[in-house]
Amino acid sequence: MPSNDLTQVIIFGASGDLTARKLVPALFAAHGEKFFPGRFQLVGVARRPWNDETYRQQLDSSVPKGKDHDAEAWKSFLGLTSYVQTHLETSADYVELGKRLDAIAGGPANRVFYLAVKPELCLPSVQNLRDAGLLDQSKGLKRRVVVEKPFGTDLPSALALNSSLLKLIGEDQLYRIDHYLGKETVQNLLVFRFRNAFFEPLWNQKYIELVQITVAETVGMEGGRGGYYDSSGAIRDVLQNHMLQLLALVAMEPPAGLDPKSIRDEKVKVLKALRLPTDTPDPGHHIVRGQFAGYRDEPGVPKDSQTETFIATRAYLDNWRWGGVPFLLRTGKCLKDRFTSITVQFRMPPITLFGSYQECFLRPNRLTLRIQPNDGIDLHFDVKEPGAGLHIKSTKMSFDYQAYFKKPSPEAYQRLLQDVVAGDQSLFIRSDEVEESWRWADSLRQAMAGTPMLTYPRNGWGPDAANALFGECEGRWVTD
(Lines give C-alpha, C1' and ligand atoms only; values in the text may rest on other atoms or scores of the structure.)
Protein backbone atom coordinates (compact mmCIF):
# COMPACT_ATOMS: atom_id res chain seq x y z
CA MET A 1 0.00 0.00 0.00
CA PRO A 2 2.27 2.79 -1.24
CA SER A 3 0.18 5.88 -0.40
CA ASN A 4 1.02 5.84 3.32
CA ASP A 5 3.72 4.20 5.38
CA LEU A 6 1.35 2.74 8.01
CA THR A 7 -0.78 -0.34 7.42
CA GLN A 8 -3.34 -1.50 9.96
CA VAL A 9 -4.59 -5.08 9.67
CA ILE A 10 -7.89 -5.33 11.56
CA ILE A 11 -9.13 -8.86 12.24
CA PHE A 12 -12.84 -9.30 12.93
CA GLY A 13 -13.19 -12.53 14.91
CA ALA A 14 -9.93 -11.90 16.75
CA SER A 15 -10.77 -14.40 19.50
CA GLY A 16 -11.34 -17.25 17.04
CA ASP A 17 -9.36 -20.35 16.15
CA LEU A 18 -8.40 -19.20 12.63
CA THR A 19 -6.86 -16.03 14.02
CA ALA A 20 -4.68 -17.86 16.55
CA ARG A 21 -3.68 -20.81 14.35
CA LYS A 22 -3.19 -19.14 10.98
CA LEU A 23 -3.60 -15.38 10.71
CA VAL A 24 -1.44 -14.10 13.56
CA PRO A 25 1.45 -16.55 12.84
CA ALA A 26 1.31 -15.51 9.17
CA LEU A 27 1.39 -11.81 10.04
CA PHE A 28 4.21 -12.38 12.54
CA ALA A 29 6.28 -14.21 9.91
CA ALA A 30 5.63 -11.61 7.21
CA HIS A 31 6.47 -8.75 9.56
CA GLY A 32 9.65 -10.50 10.73
CA GLU A 33 10.78 -10.97 7.13
CA LYS A 34 9.99 -7.30 6.43
CA PHE A 35 7.49 -8.06 3.68
CA PHE A 36 5.20 -5.23 4.75
CA PRO A 37 6.20 -1.78 3.49
CA GLY A 38 6.54 0.84 6.19
CA ARG A 39 5.00 0.53 9.63
CA PHE A 40 2.54 -2.15 10.68
CA GLN A 41 -0.16 -2.50 13.33
CA LEU A 42 -2.47 -5.41 14.18
CA VAL A 43 -5.86 -4.64 15.71
CA GLY A 44 -8.04 -7.45 17.02
CA VAL A 45 -11.81 -6.93 17.01
CA ALA A 46 -14.29 -9.16 18.86
CA ARG A 47 -17.12 -8.92 21.38
CA ARG A 48 -15.15 -10.19 24.37
CA PRO A 49 -14.46 -7.57 27.08
CA TRP A 50 -10.68 -7.54 26.66
CA ASN A 51 -8.20 -4.68 26.55
CA ASP A 52 -4.87 -4.44 24.76
CA GLU A 53 -2.95 -6.25 27.48
CA THR A 54 -5.39 -9.12 27.94
CA TYR A 55 -5.53 -9.63 24.18
CA ARG A 56 -1.75 -9.79 23.98
CA GLN A 57 -1.76 -12.34 26.81
CA GLN A 58 -4.41 -14.33 24.96
CA LEU A 59 -2.31 -14.37 21.79
CA ASP A 60 0.80 -15.31 23.72
CA SER A 61 -0.92 -18.36 25.18
CA SER A 62 -2.88 -19.49 22.10
CA VAL A 63 -0.62 -18.86 19.11
CA PRO A 64 1.53 -21.94 18.32
CA LYS A 65 5.27 -21.39 18.52
CA GLY A 66 7.76 -23.51 16.58
CA LYS A 67 11.16 -24.74 17.69
CA ASP A 68 12.86 -21.72 16.08
CA HIS A 69 10.57 -19.24 17.82
CA ASP A 70 12.22 -15.84 18.31
CA ALA A 71 11.00 -14.68 21.71
CA GLU A 72 12.34 -11.14 21.32
CA ALA A 73 10.77 -10.67 17.89
CA TRP A 74 7.48 -12.05 19.22
CA LYS A 75 7.55 -9.62 22.13
CA SER A 76 8.17 -6.76 19.73
CA PHE A 77 5.31 -7.94 17.49
CA LEU A 78 2.89 -8.07 20.42
CA GLY A 79 3.78 -4.46 21.12
CA LEU A 80 2.24 -3.59 17.74
CA THR A 81 -1.03 -5.29 18.69
CA SER A 82 -4.17 -3.61 20.01
CA TYR A 83 -7.72 -4.68 20.75
CA VAL A 84 -11.13 -3.06 20.29
CA GLN A 85 -14.28 -4.61 21.74
CA THR A 86 -17.00 -4.44 19.09
CA HIS A 87 -20.36 -6.12 18.55
CA LEU A 88 -20.32 -6.76 14.82
CA GLU A 89 -24.11 -6.65 14.49
CA THR A 90 -24.33 -3.23 16.19
CA SER A 91 -23.85 -0.40 13.69
CA ALA A 92 -23.17 2.21 16.40
CA ASP A 93 -20.10 0.25 17.52
CA TYR A 94 -18.43 0.88 14.15
CA VAL A 95 -18.34 4.62 14.70
CA GLU A 96 -16.45 4.03 17.93
CA LEU A 97 -14.26 1.47 16.16
CA GLY A 98 -13.27 4.10 13.61
CA LYS A 99 -12.30 6.54 16.36
CA ARG A 100 -10.22 3.90 18.12
CA LEU A 101 -8.45 2.93 14.89
CA ASP A 102 -7.58 6.58 14.27
CA ALA A 103 -6.26 6.93 17.82
CA ILE A 104 -4.18 3.75 17.54
CA ALA A 105 -2.75 4.88 14.19
CA GLY A 106 -2.00 8.41 15.39
CA GLY A 107 -2.48 9.64 11.83
CA PRO A 108 -3.46 8.47 8.34
CA ALA A 109 -3.30 4.72 7.74
CA ASN A 110 -4.13 2.18 5.06
CA ARG A 111 -6.39 -0.57 6.39
CA VAL A 112 -7.10 -4.22 5.71
CA PHE A 113 -10.26 -5.58 7.33
CA TYR A 114 -10.06 -9.37 7.62
CA LEU A 115 -13.50 -10.91 8.27
CA ALA A 116 -12.68 -14.15 10.10
CA VAL A 117 -16.33 -14.45 11.12
CA LYS A 118 -19.34 -16.69 10.59
CA PRO A 119 -20.77 -16.47 7.05
CA GLU A 120 -23.95 -14.80 8.25
CA LEU A 121 -21.89 -11.92 9.72
CA CYS A 122 -19.97 -11.17 6.53
CA LEU A 123 -22.49 -8.97 4.74
CA PRO A 124 -23.67 -7.08 7.88
CA SER A 125 -20.03 -6.36 8.76
CA VAL A 126 -19.32 -4.89 5.33
CA GLN A 127 -22.57 -2.91 5.48
CA ASN A 128 -21.64 -1.45 8.87
CA LEU A 129 -18.09 -0.67 7.75
CA ARG A 130 -19.45 1.20 4.73
CA ASP A 131 -22.10 3.07 6.72
CA ALA A 132 -19.48 4.20 9.25
CA GLY A 133 -17.27 5.55 6.45
CA LEU A 134 -14.53 3.01 7.14
CA LEU A 135 -14.31 1.87 3.51
CA ASP A 136 -13.95 5.37 2.05
CA GLN A 137 -10.84 5.75 -0.14
CA SER A 138 -11.46 9.35 -1.21
CA LYS A 139 -8.44 10.64 0.73
CA GLY A 140 -6.06 8.33 -1.12
CA LEU A 141 -5.92 5.80 1.71
CA LYS A 142 -6.46 2.15 0.82
CA ARG A 143 -9.35 0.18 2.32
CA ARG A 144 -9.45 -3.57 1.61
CA VAL A 145 -11.75 -6.29 2.88
CA VAL A 146 -10.85 -9.99 3.04
CA VAL A 147 -13.67 -12.53 3.22
CA GLU A 148 -13.44 -16.28 3.84
CA LYS A 149 -15.48 -18.99 2.11
CA PRO A 150 -18.22 -20.04 1.73
CA PHE A 151 -19.12 -17.49 -0.92
CA GLY A 152 -22.73 -18.65 -0.94
CA THR A 153 -24.20 -22.14 -0.72
CA ASP A 154 -25.42 -22.41 -4.33
CA LEU A 155 -25.65 -20.24 -7.44
CA PRO A 156 -28.70 -18.18 -6.36
CA SER A 157 -27.18 -17.38 -2.96
CA ALA A 158 -23.79 -16.58 -4.53
CA LEU A 159 -25.44 -14.21 -7.00
CA ALA A 160 -27.33 -12.51 -4.18
CA LEU A 161 -24.21 -12.21 -2.00
CA ASN A 162 -22.10 -10.81 -4.83
CA SER A 163 -24.80 -8.32 -5.74
CA SER A 164 -25.13 -7.12 -2.15
CA LEU A 165 -21.37 -6.89 -1.53
CA LEU A 166 -20.66 -5.02 -4.75
CA LYS A 167 -23.25 -2.39 -3.86
CA LEU A 168 -21.17 -1.66 -0.75
CA ILE A 169 -17.60 -2.09 -1.95
CA GLY A 170 -15.70 -2.18 -5.23
CA GLU A 171 -14.41 -5.46 -6.68
CA ASP A 172 -10.92 -3.95 -6.47
CA GLN A 173 -11.32 -3.65 -2.67
CA LEU A 174 -12.74 -7.15 -2.14
CA TYR A 175 -10.41 -10.11 -1.55
CA ARG A 176 -12.17 -13.49 -1.50
CA ILE A 177 -9.55 -15.77 -0.01
CA ASP A 178 -8.97 -19.46 -0.75
CA HIS A 179 -5.92 -20.54 1.22
CA TYR A 180 -5.15 -23.33 -1.28
CA LEU A 181 -4.08 -20.66 -3.76
CA GLY A 182 -1.36 -19.54 -1.36
CA LYS A 183 0.37 -22.93 -1.35
CA GLU A 184 3.76 -22.96 -3.03
CA THR A 185 3.07 -25.67 -5.63
CA VAL A 186 -0.17 -23.96 -6.66
CA GLN A 187 1.64 -20.65 -7.14
CA ASN A 188 4.30 -22.50 -9.13
CA LEU A 189 1.77 -23.87 -11.62
CA LEU A 190 1.95 -20.81 -13.85
CA VAL A 191 5.76 -20.85 -13.85
CA PHE A 192 5.90 -24.60 -14.39
CA ARG A 193 3.45 -24.53 -17.29
CA PHE A 194 4.39 -21.35 -19.14
CA ARG A 195 8.14 -21.09 -18.47
CA ASN A 196 9.25 -24.66 -19.28
CA ALA A 197 9.22 -25.36 -23.01
CA PHE A 198 9.33 -29.14 -22.64
CA PHE A 199 5.88 -29.35 -20.97
CA GLU A 200 3.69 -26.63 -22.47
CA PRO A 201 3.69 -28.13 -26.02
CA LEU A 202 2.40 -31.39 -24.51
CA TRP A 203 -0.26 -29.71 -22.35
CA ASN A 204 -3.31 -30.61 -24.46
CA GLN A 205 -5.68 -33.38 -25.51
CA LYS A 206 -3.25 -34.74 -28.11
CA TYR A 207 -0.76 -35.87 -25.48
CA ILE A 208 -2.68 -35.97 -22.18
CA GLU A 209 -5.06 -38.85 -21.51
CA LEU A 210 -6.55 -37.66 -18.22
CA VAL A 211 -6.04 -35.37 -15.23
CA GLN A 212 -6.89 -36.37 -11.67
CA ILE A 213 -7.13 -34.07 -8.67
CA THR A 214 -7.38 -35.46 -5.14
CA VAL A 215 -7.98 -33.73 -1.81
CA ALA A 216 -7.84 -36.52 0.76
CA GLU A 217 -8.49 -35.92 4.47
CA THR A 218 -7.99 -38.27 7.41
CA VAL A 219 -10.16 -36.27 9.81
CA GLY A 220 -13.85 -36.86 10.34
CA MET A 221 -16.26 -34.86 12.49
CA GLU A 222 -13.90 -34.10 15.37
CA GLY A 223 -14.79 -31.16 17.57
CA GLY A 224 -18.52 -31.66 17.14
CA ARG A 225 -18.51 -30.48 13.52
CA GLY A 226 -21.17 -32.97 12.43
CA GLY A 227 -24.08 -30.55 12.52
CA TYR A 228 -22.22 -27.88 10.55
CA TYR A 229 -20.78 -30.33 8.03
CA ASP A 230 -24.13 -32.00 7.37
CA SER A 231 -25.45 -28.71 6.00
CA SER A 232 -22.47 -28.52 3.66
CA GLY A 233 -20.98 -31.79 2.40
CA ALA A 234 -17.90 -32.56 0.34
CA ILE A 235 -19.02 -30.69 -2.78
CA ARG A 236 -19.73 -27.41 -1.01
CA ASP A 237 -16.89 -27.76 1.50
CA VAL A 238 -14.01 -28.65 -0.83
CA LEU A 239 -14.84 -29.43 -4.45
CA GLN A 240 -16.68 -26.25 -5.43
CA ASN A 241 -13.88 -24.00 -4.21
CA HIS A 242 -10.43 -25.53 -3.62
CA MET A 243 -10.62 -28.21 -6.30
CA LEU A 244 -12.14 -26.10 -9.05
CA GLN A 245 -9.50 -23.44 -8.46
CA LEU A 246 -6.80 -26.09 -8.91
CA LEU A 247 -8.51 -27.35 -12.06
CA ALA A 248 -8.71 -23.84 -13.49
CA LEU A 249 -4.99 -23.23 -12.99
CA VAL A 250 -4.08 -26.58 -14.56
CA ALA A 251 -6.32 -26.07 -17.59
CA MET A 252 -6.20 -22.31 -18.29
CA GLU A 253 -4.76 -20.78 -21.44
CA PRO A 254 -1.66 -18.56 -21.20
CA PRO A 255 -2.76 -15.19 -19.80
CA ALA A 256 -2.02 -11.98 -21.68
CA GLY A 257 0.09 -10.93 -18.69
CA LEU A 258 0.66 -11.70 -15.03
CA ASP A 259 -1.70 -8.98 -13.84
CA PRO A 260 -4.70 -10.13 -11.77
CA LYS A 261 -7.28 -9.39 -14.49
CA SER A 262 -5.50 -11.42 -17.16
CA ILE A 263 -5.04 -14.44 -14.90
CA ARG A 264 -8.59 -14.39 -13.59
CA ASP A 265 -10.07 -13.89 -17.06
CA GLU A 266 -8.47 -17.15 -18.19
CA LYS A 267 -9.63 -19.04 -15.10
CA VAL A 268 -13.21 -17.94 -15.73
CA LYS A 269 -13.02 -19.26 -19.31
CA VAL A 270 -12.11 -22.70 -17.94
CA LEU A 271 -14.98 -22.69 -15.47
CA LYS A 272 -17.42 -21.64 -18.20
CA ALA A 273 -16.28 -24.61 -20.32
CA LEU A 274 -16.65 -27.17 -17.52
CA ARG A 275 -19.43 -29.75 -17.89
CA LEU A 276 -20.52 -33.18 -16.71
CA PRO A 277 -20.49 -36.10 -19.19
CA THR A 278 -23.45 -36.23 -21.57
CA ASP A 279 -22.77 -39.65 -23.11
CA THR A 280 -25.02 -41.50 -20.66
CA PRO A 281 -28.30 -40.68 -18.89
CA ASP A 282 -27.13 -42.59 -15.81
CA PRO A 283 -25.23 -40.24 -13.44
CA GLY A 284 -23.84 -43.31 -11.66
CA HIS A 285 -21.41 -43.70 -14.55
CA HIS A 286 -19.66 -40.44 -13.70
CA ILE A 287 -20.50 -39.68 -10.05
CA VAL A 288 -19.74 -41.72 -6.92
CA ARG A 289 -20.81 -40.45 -3.53
CA GLY A 290 -20.49 -41.97 -0.08
CA GLN A 291 -20.47 -41.61 3.69
CA PHE A 292 -17.82 -43.03 5.97
CA ALA A 293 -19.02 -45.78 8.30
CA GLY A 294 -20.58 -44.28 11.42
CA TYR A 295 -21.18 -40.81 9.97
CA ARG A 296 -24.88 -40.90 10.84
CA ASP A 297 -23.96 -41.72 14.45
CA GLU A 298 -21.96 -38.51 14.81
CA PRO A 299 -23.46 -35.82 17.11
CA GLY A 300 -25.64 -33.41 15.16
CA VAL A 301 -25.99 -35.66 12.11
CA PRO A 302 -29.52 -36.88 11.23
CA LYS A 303 -29.99 -40.65 11.11
CA ASP A 304 -31.29 -40.36 7.55
CA SER A 305 -28.62 -37.90 6.37
CA GLN A 306 -28.00 -37.75 2.63
CA THR A 307 -24.92 -35.54 2.95
CA GLU A 308 -21.85 -36.88 1.16
CA THR A 309 -18.53 -37.13 3.01
CA PHE A 310 -16.93 -38.48 -0.19
CA ILE A 311 -17.42 -37.44 -3.78
CA ALA A 312 -15.65 -38.55 -6.94
CA THR A 313 -16.67 -37.44 -10.41
CA ARG A 314 -15.57 -37.22 -14.01
CA ALA A 315 -15.87 -33.90 -15.83
CA TYR A 316 -14.89 -32.46 -19.20
CA LEU A 317 -13.95 -29.09 -20.69
CA ASP A 318 -15.62 -28.03 -23.92
CA ASN A 319 -12.66 -26.31 -25.55
CA TRP A 320 -10.00 -27.11 -28.15
CA ARG A 321 -7.15 -27.71 -25.73
CA TRP A 322 -8.97 -30.21 -23.53
CA GLY A 323 -11.79 -31.65 -25.65
CA GLY A 324 -12.35 -35.31 -24.69
CA VAL A 325 -9.89 -35.35 -21.76
CA PRO A 326 -11.55 -36.53 -18.52
CA PHE A 327 -10.83 -34.58 -15.35
CA LEU A 328 -11.28 -36.90 -12.37
CA LEU A 329 -12.01 -35.12 -9.09
CA ARG A 330 -12.01 -36.87 -5.71
CA THR A 331 -12.27 -35.70 -2.11
CA GLY A 332 -13.37 -37.31 1.12
CA LYS A 333 -13.22 -37.50 4.90
CA CYS A 334 -11.77 -40.33 7.03
CA LEU A 335 -9.50 -41.55 4.24
CA LYS A 336 -6.25 -43.45 4.72
CA ASP A 337 -3.88 -40.54 4.24
CA ARG A 338 -3.98 -36.75 4.09
CA PHE A 339 -2.71 -35.22 0.88
CA THR A 340 -3.60 -33.00 -2.04
CA SER A 341 -2.20 -33.61 -5.49
CA ILE A 342 -2.73 -33.05 -9.20
CA THR A 343 -1.69 -35.86 -11.55
CA VAL A 344 -1.43 -35.40 -15.30
CA GLN A 345 -1.40 -38.74 -17.12
CA PHE A 346 0.10 -38.75 -20.62
CA ARG A 347 -1.08 -40.94 -23.46
CA MET A 348 0.79 -44.11 -24.37
CA PRO A 349 2.82 -44.02 -27.61
CA PRO A 350 0.67 -44.81 -30.66
CA ILE A 351 2.66 -47.99 -31.33
CA THR A 352 3.72 -50.06 -28.32
CA LEU A 353 7.04 -51.59 -29.37
CA PHE A 354 7.54 -53.31 -26.04
CA GLY A 355 4.09 -54.81 -25.49
CA SER A 356 5.06 -58.30 -26.66
CA TYR A 357 7.68 -58.77 -23.96
CA GLN A 358 6.34 -60.51 -20.86
CA GLU A 359 9.06 -58.83 -18.85
CA CYS A 360 7.60 -55.41 -19.58
CA PHE A 361 4.98 -53.91 -17.29
CA LEU A 362 4.08 -50.69 -19.03
CA ARG A 363 2.30 -47.78 -17.37
CA PRO A 364 1.52 -44.34 -18.76
CA ASN A 365 3.92 -41.52 -17.94
CA ARG A 366 2.60 -39.35 -15.12
CA LEU A 367 3.40 -35.93 -13.75
CA THR A 368 2.26 -35.35 -10.16
CA LEU A 369 2.21 -31.96 -8.47
CA ARG A 370 2.18 -32.48 -4.71
CA ILE A 371 0.29 -29.61 -3.07
CA GLN A 372 0.43 -30.87 0.52
CA PRO A 373 1.82 -32.01 2.88
CA ASN A 374 5.21 -32.33 1.12
CA ASP A 375 5.04 -29.86 -1.74
CA GLY A 376 6.95 -30.89 -4.83
CA ILE A 377 6.80 -32.42 -8.30
CA ASP A 378 7.21 -36.05 -9.40
CA LEU A 379 7.71 -37.25 -12.97
CA HIS A 380 7.04 -40.97 -13.52
CA PHE A 381 8.59 -42.59 -16.59
CA ASP A 382 9.94 -45.96 -17.75
CA VAL A 383 13.57 -47.12 -17.98
CA LYS A 384 15.34 -50.36 -18.85
CA GLU A 385 16.71 -52.27 -15.90
CA PRO A 386 20.46 -52.99 -16.10
CA GLY A 387 21.43 -56.47 -17.27
CA ALA A 388 20.59 -58.98 -19.96
CA GLY A 389 17.14 -59.01 -21.47
CA LEU A 390 14.63 -56.25 -21.85
CA HIS A 391 13.17 -55.56 -18.43
CA ILE A 392 11.36 -52.24 -18.18
CA LYS A 393 10.65 -50.59 -14.86
CA SER A 394 8.77 -47.45 -13.90
CA THR A 395 10.80 -44.90 -11.96
CA LYS A 396 10.43 -41.26 -11.01
CA MET A 397 12.33 -38.03 -10.74
CA SER A 398 11.30 -35.93 -7.76
CA PHE A 399 11.66 -32.28 -6.91
CA ASP A 400 11.08 -31.35 -3.28
CA TYR A 401 10.77 -27.66 -2.41
CA GLN A 402 12.09 -27.88 1.13
CA ALA A 403 15.01 -30.15 0.26
CA TYR A 404 16.11 -28.01 -2.69
CA PHE A 405 15.71 -24.57 -1.18
CA LYS A 406 16.87 -25.68 2.29
CA LYS A 407 13.96 -23.98 4.00
CA PRO A 408 10.27 -24.68 4.53
CA SER A 409 7.76 -23.06 2.22
CA PRO A 410 5.93 -20.09 3.73
CA GLU A 411 2.47 -20.79 5.06
CA ALA A 412 -0.27 -20.11 2.53
CA TYR A 413 -1.85 -17.37 4.63
CA GLN A 414 1.45 -15.50 4.83
CA ARG A 415 1.73 -15.16 1.06
CA LEU A 416 -1.93 -14.23 0.69
CA LEU A 417 -1.85 -11.59 3.43
CA GLN A 418 1.26 -10.09 1.87
CA ASP A 419 -0.61 -9.87 -1.43
CA VAL A 420 -3.59 -8.15 0.19
CA VAL A 421 -1.33 -5.48 1.67
CA ALA A 422 0.42 -5.11 -1.70
CA GLY A 423 -2.91 -4.89 -3.54
CA ASP A 424 -2.27 -7.95 -5.73
CA GLN A 425 -5.53 -9.84 -6.41
CA SER A 426 -4.02 -12.55 -8.65
CA LEU A 427 -4.53 -15.31 -6.07
CA PHE A 428 -7.98 -14.15 -4.97
CA ILE A 429 -11.34 -15.10 -6.44
CA ARG A 430 -13.40 -12.70 -8.52
CA SER A 431 -17.20 -12.63 -8.41
CA ASP A 432 -17.66 -14.30 -11.81
CA GLU A 433 -15.33 -17.13 -10.75
CA VAL A 434 -17.53 -17.74 -7.73
CA GLU A 435 -20.67 -17.78 -9.86
CA GLU A 436 -19.29 -20.11 -12.54
CA SER A 437 -17.99 -22.50 -9.86
CA TRP A 438 -21.44 -22.68 -8.29
CA ARG A 439 -23.11 -23.11 -11.68
CA TRP A 440 -21.17 -26.32 -12.23
CA ALA A 441 -21.32 -27.48 -8.60
CA ASP A 442 -25.11 -27.10 -8.61
CA SER A 443 -25.36 -29.26 -11.73
CA LEU A 444 -23.20 -31.87 -10.01
CA ARG A 445 -25.33 -31.84 -6.86
CA GLN A 446 -28.49 -32.18 -8.93
CA ALA A 447 -27.07 -35.15 -10.86
CA MET A 448 -25.69 -36.70 -7.65
CA ALA A 449 -29.19 -36.95 -6.19
CA GLY A 450 -29.84 -39.80 -8.63
CA THR A 451 -26.93 -41.94 -7.39
CA PRO A 452 -26.80 -44.35 -4.44
CA MET A 453 -25.23 -43.29 -1.13
CA LEU A 454 -22.41 -45.80 -0.59
CA THR A 455 -20.87 -46.55 2.81
CA TYR A 456 -17.09 -46.85 2.94
CA PRO A 457 -14.82 -47.95 5.80
CA ARG A 458 -12.71 -45.47 7.71
CA ASN A 459 -9.00 -45.47 6.93
CA GLY A 460 -9.54 -46.57 3.33
CA TRP A 461 -9.83 -44.80 -0.01
CA GLY A 462 -13.57 -44.41 -0.28
CA PRO A 463 -16.07 -46.52 -2.24
CA ASP A 464 -14.50 -49.02 -4.66
CA ALA A 465 -16.96 -47.81 -7.30
CA ALA A 466 -14.81 -44.69 -7.74
CA ASN A 467 -12.23 -46.80 -9.60
CA ALA A 468 -14.72 -47.28 -12.45
CA LEU A 469 -14.58 -43.55 -13.25
CA PHE A 470 -11.40 -44.15 -15.24
CA GLY A 471 -13.55 -45.92 -17.83
CA GLU A 472 -11.45 -47.10 -20.75
CA CYS A 473 -8.43 -45.07 -19.63
CA GLU A 474 -5.43 -46.88 -18.20
CA GLY A 475 -4.77 -45.75 -14.66
CA ARG A 476 -5.71 -45.71 -11.02
CA TRP A 477 -6.23 -43.16 -8.28
CA VAL A 478 -3.02 -41.73 -6.86
CA THR A 479 -2.71 -42.59 -3.15
CA ASP A 480 0.29 -40.51 -2.08
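Considering only segment 390-444, how many residues are closer than 30 Å to GLU33 by Cα and charged (D, E, K, R)? Here the count works out to 8.
If you go through segment 133-166 and pick out every residue that is assigned to a loop (DSSP other than H, G, I, E, B) and within 12 Å of VAL434 (Cα to Cα), you end up with 6. Listed by first and then second residue, the pairs linking a residue in segment 285-300 that is assigned by TED's automatic domain parsing to the domain that holds TYR229 to a residue that is surrounded by 16 or more Cβ atoms within 10 Å (Cβ to Cβ) and among the charged types (D, E, K, R), with Cβ atoms under 7 Å apart and 6 or more places separating them unless they lie on different chains, are HIS286/ARG314; ARG289/GLU308; GLY290/GLU308; GLN291/GLU308; PHE292/LYS333; GLY300/ASP230. Among the candidates LEU168, LEU190, LEU210, the residue that is in the same structural domain as PRO254 (by TED's automatic domain parsing), out of contact with any strand residue (DSSP E or B) (no Cβ under 8 Å at 6 or more places or on another chain) and modelled with pLDDT of 90 or more is uniquely LEU190.
Which residues, counting only those in segment 317-334, are surrounded by fewer than 19 Cβ atoms within 10 Å (Cβ to Cβ) and of a type in the set (Gly, Ala, Ser)? Once the filter is applied, which keeps residues that are surrounded by fewer than 19 Cβ atoms within 10 Å (Cβ to Cβ) and of a type in the set (Gly, Ala, Ser), segment 317-334 yields GLY323, GLY324.
One residue stands out among those in segment 256-269 that are in contact (Cβ under 8 Å) with a residue 60 or more places away in the chain and outside any helix (DSSP H, G or I): the one that is nearest to VAL191 (Cα to Cα), which is LEU258.
Of the strands (runs of 3 or more DSSP E) lying entirely inside segment 312-411, the ones with 1 or more residues being at pLDDT below 90 are found at 376-384, 392-400. For segment 399-408, the count of residues that are assigned by TED's automatic domain parsing to the domain that holds LEU246, free of Cβ contacts under 8 Å to residues at least 60 places away in the same chain and touching a Pro at 6+ places or on another chain (Cβ under 6 Å) is at least one.
You will find that of LEU165, LEU159, the residue that is surrounded by 19 or more Cβ atoms within 10 Å (Cβ to Cβ) and either of a type outside the set (Val, Ile, Thr) or more than 23 Å from ARG445 (Cβ to Cβ) (or both) is LEU165 and no other.
Within segment 16-58, the set of residues being surrounded by 19 or more Cβ atoms within 10 Å (Cβ to Cβ), of a type in the set (Gly, Ala, Ser) and over 23 Å from the mean Cα position of the chain (by Cα) comprises GLY44, ALA46. Applying the criterion of at least 3 residues that are among the hydrophobic types (A, V, I, L, M, F, W, C) to the helices (runs of 4 or more DSSP H) found wholly in segment 44-119 leaves 71-78, 91-105.
Would you confirm whether any residue within segment 233-244 is over 17 Å from the mean Cα position of the chain (by Cα) and either in a loop (DSSP other than H, G, I, E, B) or within 24 Å of GLY460 (Cα to Cα) (or both)?
no
The values are calculated or read from the model by the stated rules, or taken from the named source; none is laboratory data. Treat the numbers as computed from the prediction; the structure is a model and nothing was measured. Note that we place each Cβ from the backbone using ideal geometry, even for glycine, and neighbour counts take in every protein chain shown.
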